[in-house]
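So the structure is just underneath, and the comments pick up after that.
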Amino acid sequence: MTFVDHFNQITDILLEKLRTKANDKTPVTLLTELNRVTLDAIAAVIYDFRPILIHLVPNFFKDFLLFGKN
């Protein structure tokens, strides 16, 4: 899988997630969602690691940084 394929996959997942949230009229923090896509892209390019961070719980990063655990 190339970077472009991975990026397209993550973007499709993000768009589906945003569509679902929009249909439910659920607020979304775009900064958090776009940060996850960006970190995914960085991990794919630099480390050849392809996580899918979009599926993480909403406060994962904050909890990890504050408490060092998830």
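The values are calculated or read from the model by the stated rules, or taken from the named source; none is laboratory data. Quick caveat, the model's predicted, so the values are computed rather than measured. Don't worry about glycine lacking a Cβ; one is built from the backbone with ideal geometry, like all the others, and counts go over all protein chains shown. Please note that ligands, DNA and RNA were not included when accessible areas were found on the heavy atoms of the full protein model with its side chains. Shrake-Rupley method; radii C 1.70, N 1.55, O 1.52, S 1.80 Å.
Return the total of residues in region 1-29 being within 10 Å of the chain's Cα centre (by Cα) and aliphatic (A, V, I, L, M).
So the answer is 3.
For Val45, work out the one condition from (1) surrounded by 10 or more Cβ atoms within 10 Å (Cβ to Cβ); (2) at pLDDT 85 or above it doesn't fulfil.
(2)
Before we move on, is Ile10 hydrophobic (A, V, I, L, M, F, W, C), open to solvent by less than 50 Å² (accessible area, probe 1.4 Å) and modelled with pLDDT of 80 or more?
Criteria met by Ile10.
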